[in-house]
There are 2 protein chains.
Amino acid sequence: MYSIGIDLGGTNIVASVVNDKYEILGTGSTPTNLPRSAEEIFDDIAYACRAAMEEAKVELSDISSVGMGTPGTVNSEGIIEFSNNLKFDHVDARALLKERLGEVEIYLENDANCAALGEAYAGCGCGSKNFVAVTLGTGVGSGIILNGKIVSGVNCAGGECGHTVIVLDGEPCNCGRNGCWEAYASATALIRQTKDAMNKNPNSVMHEIAKAEGKVSGRTAFDAMRKGDKAGSEVVDNYIKYVSCGLVNLVNIFQPEVICIGGGICNEGETLLKPIRDYVAKERYSVHSKIQTKIVKAELGNNAGIIGAALLGSIQ
Amino acid sequence: MYSIGIDLGGTNIVASVVNDKYEILGTGSTPTNLPRSAEEIFDDIAYACRAAMEEAKVELSDISSVGMGTPGTVNSEGIIEFSNNLKFDHVDARALLKERLGEVEIYLENDANCAALGEAYAGCGCGSKNFVAVTLGTGVGSGIILNGKIVSGVNCAGGECGHTVIVLDGEPCNCGRNGCWEAYASATALIRQTKDAMNKNPNSVMHEIAKAEGKVSGRTAFDAMRKGDKAGSEVVDNYIKYVSCGLVNLVNIFQPEVICIGGGICNEGETLLKPIRDYVAKERYSVHSKIQTKIVKAELGNNAGIIGAALLGSIQ
């Protein structure tokens, strides 16, 4: 049997047919074109599903379930309770999909949770049942898999590890708190930290790098460090400390088999991961245990969310 | 059927026969008398179990399983890998118990996890399946129940929420990190904060209260606040902020049905709980959800660990 995984994003809608080896056999996609009504968006989601089935040469009767990952909070009835990105407020996504696709099992989940599920089963988790995925992007996203199932909390709003305070009364966070991990460890935060350091260090090579690139990015400080720039190195060292502090917190709470880190910053590879692993090894509570959490880079990129969505039916 | 729950503590060994309504029918206890060898301690554990069965008027053949909570890290084979309190290093607790009790199913778990399980099923959790228990004592202990099972991590060292940093580079913690929740929200931390405020405020009524009590305790600042003392009020306000910050972190990660707070500080009742609930309501991420985590006081006291241990067999 096959299943369909859908990634409903702020920019694109992507649907894929996935087999039980987690292989993608066919894909359909279309721009999300926000702002639009839920009805129009779900017309296009159904279109993407049919395009994916056509490419995979399967019929709806071959599909055991359809899963969709979406930004925001989704409850167990398949209602998107709230999504700031999509401007959805209590949208009955399961009903809208069923009207358009016909009789098939439909599951919905938050997109970060789908990505975590995909990485846990089919990606860098190698099938691990206790797994945490962290994405260092515009914010700090996270998804938690325990005993092979998504931890979504009693109101489907759980797994928000980015909104745990690591610096009491620290930098303001979009969520309204101060000092959240996200306010220190997101790519957005790294860019802010880089700009601050540039202001304080007018002779830093970061200025040249940013000028050549046309902007300050999450790479600026890393590139400066590679050129021997002291101010750039300091930015990187502090950023790694912020990321690692939150990771040790997660290790001490969950002791998962694997924590994976995704997002653009991960393109730094071992430059980022090695010092993070060293920091975690030094600070984790479980010094006496032979088994320790592995910290690895996410593998599946955008496909993580699609494969995770396709898996939703099989983990119920 | 009945089960036996054992609480192996640093001070006392307590064993109770528990029925399937979570009622304690008979108890045996004996001092732990540390330091002693594991063999001597397990002789006394078996003695306490037999005394409990005698009082409950049941035989070993009536007992479906025996569960024991112990300080430290216990693995799934029933080996206490490490316990600083008991000075145990790789003690095969299951084998030692089996030798002394005979043929019965035996389960072991960390004591804080047992207490969480007991409160979740039989105490203030009212049977909730997603539950976090926090104990504000010498340290900050915690136990996490998700889908009715204990979250113990891949190496049975999970659930250490007290050792998550809330103040990066903050106060030193016993675990080796700086700025852990435990270093701010434990009773030990509250006493330190009270002493600091007394040093800075020689006219505070806290000095009189401590003199009358013969020591500075976790109640000193609360008592001073009730007498209108400004310095005492400030200590209490800050302490509540520290406790609440960590609680919001747990809400944002787990969105459990219930978080319960235990430990001596909880004798303050609503003086402590009301401002905590207000803080959490203001800072939690899930502002759009109708269902919100309840924050309540632990109910079962020392029996939580015993009832939780007795439950271990039924949740496997």
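Here are the numbers:
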read-out: Heavy-atom accessible surface of the stretch A:1-74: percent carbon and sulfur, 1.4 Å; value: 45 percent
read-out: Kirkwood Rh and Cα Rg combined as Rg/Rh, chain B; value: 1.00
read-out: For A:GLY72, distant residues with modelled amide H under 5 Å away; value: A:ASP111
read-out: Summed residue charge, Cβ within 13 Å of B:ASP92's Cβ, Lys/Arg positive, Asp/Glu negative; value: -2
read-out: Point-charge dipole on Cβ atoms (K/R +1, D/E -1) for the stretch A:162-257, about Cα centre, debye to 20; value: 260 debye
read-out: Under 14 Å, Cβ to Cβ, from A:GLY78 - net charge with Lys/Arg +1 and Asp/Glu -1; value: -3
read-out: From phi via Karplus (6.51, -1.76, 1.60), per-residue ³J(HN,Hα) for the stretch B:14-21 in Hz, x at Gly/Pro; value: 10, 10, 9, 8, 10, 9, 7, 9
read-out: Reciprocal mean inverse distance between Cα atoms of the stretch B:94-192 - Kirkwood radius, Å; value: 15.0 Å
read-out: Solvent exposure, largest accessible area first (probe 1.4 Å, DNA, RNA and ligands not counted), of A:ARG50, B:ARG177; value: A:ARG50, B:ARG177
read-out: Accessible surface, per residue, of the protein assembly as shown when the full set of protein chains is kept, probe 1.4 Å, Å²; value: 41 Å²
read-out: Under-5 Å amide H pairs with A:TYR107, H placed in peptide plane, nonlocal only; value: A:VAL66, A:GLY67, A:MET68
read-out: Solvent accessible area, Å² - A:TYR2, 1.4 Å probe, full protein context; value: 80 Å²
read-out: Spatial separation of Cα centroids for the stretch B:72-97 and the stretch B:193-239, in angstrom; value: 41 Å
read-out: Size of electric dipole in chain B: Cβ of Lys, Arg +1 and of Asp, Glu -1, about Cα centre, debye, nearest 20; value: 1280 debye
read-out: Rounded tilt (10° steps) of B:38-56 against the dominant C-alpha axis of chain B; value: 80 degrees
read-out: List of the stretch B:164-188 residues, accessible area with partners at least 10 Å² below that of the chain alone (1.4 Å probe); value: B:THR164, B:VAL165, B:ILE166, B:VAL167, B:LEU168, B:ASP169, B:CYS175, B:ARG177
read-out: Inter-label distance for B:VAL287 and A:SER37, nm, one decimal - labels placed 7 Å from Cα along Cα-to-Cβ; value: 2.9 nm
read-out: Residue among B:SER314, B:ASN302, B:VAL287 farthest towards the positive dipole end of the stretch B:260-316, charges placed on Cβ; value: B:VAL287
read-out: Averaged over B:98-105, number of beta-carbon atoms from partner chains that fall within 10 Å; value: 0
read-out: Ranked by how many other beta carbons lie within 10 Å on average, peptides A:293-303, B:131-141, A:182-192 from highest; value: B:131-141, A:182-192, A:293-303
read-out: Long-range amide H partners of B:ALA298 with built H, under 5 Å; value: B:ILE261, B:GLY262
read-out: The stretch A:18-161 - convex hull of the alpha-carbon atoms, volume per residue in Å³; value: 118 Å³
read-out: Between helix A:111-122 and chain A: long-axis angle, C-alpha atoms, 0 to 90°, nearest 10; value: 90 degrees
read-out: Nonlocal Lys pairs with alpha-carbon distance under 23 Å, the stretch A:79-230 (8 or more apart, or different chains); value: 14
read-out: Per residue Cα convex hull volume in Å³ - calculated over the protein assembly as shown; value: 173 Å³
read-out: R0 of 45 Å, Cβ-Cβ distance A:THR30-A:ASN199: FRET efficiency to nearest 0.05; value: 0.60
read-out: Calculated FRET efficiency for the pair A:ASP92/B:ASP20, C-beta based, R₀ 56 Å, to 0.05; value: 0.85
read-out: Signed unit charges on C-beta, dipole axis of the stretch B:202-280, positive-most listed residue B:PHE254, B:ILE276, B:GLY214; value: B:GLY214
read-out: Two-site label geometry, A:GLU77 and B:ARG192: point separation in nm, points 7 Å out along Cα→Cβ; value: 4.9 nm
read-out: Integer Hz, Karplus 6.51/-1.76/1.60 couplings in order for the stretch A:290-296, x for Gly and Pro; value: 6, 8, 10, 4, 8, 10, 10
read-out: Estimated buried accessible area (total), pair A and B, 1.4 Å, Å² to nearest 100; value: 3900 Å²
read-out: Residue (of A:CYS156, A:TRP181, A:LEU136) at the positive-pole extreme of the stretch A:116-235, dipole from beta-carbon charges; value: A:LEU136
read-out: Phi to ³J(HN,Hα) by Karplus 6.51 cos²θ - 1.76 cosθ + 1.60 over the stretch A:177-186, Hz, x for Gly, Pro; value: 7, 10, x, 4, 3, 4, 6, 10, 10, 6
read-out: Rg in Å to one decimal, and Dmax rounded to a whole Å, for the stretch B:154-292 via C-alpha atoms; value: 16.2, 52
read-out: Residue-averaged [θ]222 nm for chain B, counting only DSSP H segments that reach four residues, each worth -39500 (n - 2.57); value: -12000 deg cm²/dmol
read-out: Calculated Rg and Dmax of the stretch B:11-70 using C-alpha coordinates, Å; value: 11.8, 36
read-out: Shielding by partners, peptide A:253-259 (average Cβ within 10 angstrom, other chains); value: 6
read-out: Net charge of Cβ neighbours under 14 Å - reference A:CYS175; Lys, Arg +1; Asp, Glu -1; value: -1
read-out: Candidate lysines for bridging to B:LYS282, where Cα separation is under 16 Å - those fewer than 8 sequence places away on the same chain excluded; value: B:LYS241, B:LYS274, B:LYS290, B:LYS294
read-out: Student exercise, the stretch B:154-212 dipole from Lys, Arg, Asp, Glu Cβ charges, in Debye to nearest 20; value: 200 debye
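The values are calculated or read from the model by the stated rules, or taken from the named source; none is laboratory data. Worth saying up front: this structure is predicted, and the values here are computed from it rather than measured. Every residue, glycine among them, receives a Cβ derived from its backbone with ideal geometry; neighbour counts consider all protein chains shown. Side chains are part of the model used for accessible areas, which takes the heavy atoms of the whole protein and leaves out ligands, DNA and RNA. Shrake-Rupley method; radii C 1.70, N 1.55, O 1.52, S 1.80 Å.
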